[in-house]
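S.K.: For reference, the structure I am asking about is given below.
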Amino acid sequence: MAILAIVTSIVLALIGPAQAAAGNPYQRGPAPTEANVTAETGPFTVAQVNVPSGSGQGFNDGTSYFPTDTSQGIFGAVVIMPGFVAPQAEIAWYGPRLASQGFVVMTLDSNALWDFPTDRSNQQLAALSYLTTKSAVKNEIDPTRTAVMGWSMGGGGTLESAASTPSLKAAIALAPWDIVNVGDQITVPTMIYGADGDTVAPVSTFTLPVYNALTNGRDKAFIEIRNADHFTFAGANTTVAKCSISWLKRFIDNDTRYDQFLCPTPNDPNTVAFQNTCPMQPPPGSAAGTGPDGRPCLPRSVCGSLAAPVRSNRFDGT
């Protein structure tokens, strides 16, 4: 018994008391609240490292943002790509905001400002490979838990990355623009944003068609931001931050504590529409089945099918 006690204490010390208590080895940070998920700065102190051009193959330069405290374990990683003729500065706000919630984040400059979505996808995936295998922060990253995110043509590139890389845990496309719709090729949990005043990538011709084509994945979400345009996503936005953090936490960290910000579909006055498949996890002790991706699910929701029922809230009277 004494030996067992010693072994148990060593294991608990190695995995950390927070992880042992949570029963989820990927859970990071305190219990989420409306206040801390909408805060400009999350619970983790963040440092950053510049990534000069030439640091890795297949991408330009970037900036890595990462939590300085790894006592709870290593982190999932996100690579973010800007849009057409947009420099890294346009998406820089996502770096520290997401990293302070417990992710390693890399924001990029594209190789050329005029690169189209396919090129941006290739660069994004090259940067993700560099970040997880060769970067200065690679030892802080769990390479099995990665995601992609992008704005405008970077959003189109993000969708192409998700289509070509089913091992990704999540994808977030911000007002995506692309000449092709790869939605039916995506199985990665994908969140897509649009803006009600966007004339560059209008919701009706870009965002919604991709969302509606996401028929082969279990989890998807569409959010249309109110009183917004294409360039809303290039500046700090509380609704975008809150929903994106919740999506990444839910699917990179498998942290069901963030379900409360996604399901039931939020009645957010800052959105015109919010549609999603409401990811469900069985409560402790409940009878659960297994979905097509091998994850637990409640039989009444998605077991035995690829797509969960879509729930929708609209706030424009339609």
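S.K.: Tell me, please, whether a residue that is buried (at least 23 other Cβ atoms within 10 Å of the Cβ), closer than 24 Å to GLY235 by Cα and of a type in the set (Ser, Thr, Tyr) can be found in region 127-140.
M.R.: No: zero hits.
S.K.: Pick from ASP119, ASP142, ASP115, ASP178: which is among the charged types (D, E, K, R) and within 28 Å of ALA39 (Cα to Cα)?
M.R.: Just a single option satisfies the conditions, and that option is ASP142.
S.K.: While we're here: Against the conditions (1) open to solvent by less than 60 Å² (accessible area, probe 1.4 Å); (2) not in a strand (DSSP E or B), where does PHE84 fall short? Just the number, please.
M.R.: (1)
S.K.: Within region 217-261, how many residues are assigned to a loop (DSSP other than H, G, I, E, B) and surrounded by fewer than 24 Cβ atoms within 10 Å (Cβ to Cβ)?
M.R.: 11
S.K.: OK, next. If you go through region 182-209, how many residues are surrounded by fewer than 17 Cβ atoms within 10 Å (Cβ to Cβ) and touching a Phe, Trp or Tyr at 6+ places or on another chain (Cβ under 9 Å)?
M.R.: Within region 182-209, residues that are surrounded by fewer than 17 Cβ atoms within 10 Å (Cβ to Cβ) and touching a Phe, Trp or Tyr at 6+ places or on another chain (Cβ under 9 Å) number 1.
S.K.: Here is a further query. Looking only at residues in region 39-52 that are β-branched (Val, Ile, Thr) and in a strand (DSSP E or B), which one is nearest to LEU98 (Cα to Cα)?
M.R.: That would be VAL46.
S.K.: Here is a list: PRO176, PRO166. Which entry is surrounded by 24 or more Cβ atoms within 10 Å (Cβ to Cβ), part of a loop (DSSP other than H, G, I, E, B) and not acidic (Asp, Glu)?
M.R.: That would be PRO176, the only listed residue that is surrounded by 24 or more Cβ atoms within 10 Å (Cβ to Cβ), part of a loop (DSSP other than H, G, I, E, B) and not acidic (Asp, Glu).
S.K.: Give me the pairs: first residue in region 139-160 and touching a residue at least 60 places away in the same chain (Cβ under 8 Å), second residue aromatic (Phe, Trp, Tyr) and assigned to a strand (DSSP E or B), beta-carbon distance under 7 Å, and six or more apart or on different chains, which are they?
M.R.: Every condition considered, the pairs that remain are GLU140/PHE66; GLU140/PHE75; ILE141/PHE75; ASP142/PHE75.
S.K.: To continue, here is another question. Here are the criteria: (1) over 20 Å from PRO30 (Cα atoms); (2) open to solvent by 10 Å² or more (accessible area, probe 1.4 Å). Tell me which single one LEU108 does not satisfy.
M.R.: (2)
S.K.: Filter region 252-273 down to the residues that are more than 21 Å from ILE192 (Cβ to Cβ) and modelled with pLDDT under 90 and list them by number.
M.R.: Within region 252-273, none qualify.
S.K.: Need pairs with beta-carbon distance below 7 Å; first residue farther than 13 Å from LEU98 by Cα and open to solvent by 20 Å² or more (accessible area, probe 1.4 Å) and within region 53-66, second of a type in the set (Val, Ile, Thr) and part of a strand (DSSP E or B); sequence gap 6+ or separate chains.
M.R.: Filtered contacts from region 53-66: ASP61/VAL51.
S.K.: If a residue has to be touching a Ser or Thr at 6+ places or on another chain (Cβ under 6 Å) and either in a loop (DSSP other than H, G, I, E, B) or polar (S, T, N, Q) (or both) to count, how many in region 103-118 make the cut?
M.R.: Going through region 103-118 one residue at a time, the tally reaches 1.
S.K.: Ok, one more. Go through (1) touching a residue at least 60 places away in the same chain (Cβ under 8 Å); (2) more than 13 Å from THR271 (Cβ to Cβ); (3) surrounded by fewer than 20 Cβ atoms within 10 Å (Cβ to Cβ) for ASN212 and report which single condition fails.
M.R.: For ASN212, the failing item is (1).
The values are calculated or read from the model by the stated rules, or taken from the named source; none is laboratory data. Note that this is a predicted model, so its numbers are computed, not measured. Because the Cβ atoms are built from the backbone with ideal geometry, glycine has one as well, and the counts that use them run over all protein chains shown. The area values use the complete protein model at the heavy-atom level, side chains included, leaving out ligands, DNA and RNA. Shrake-Rupley method; radii C 1.70, N 1.55, O 1.52, S 1.80 Å.
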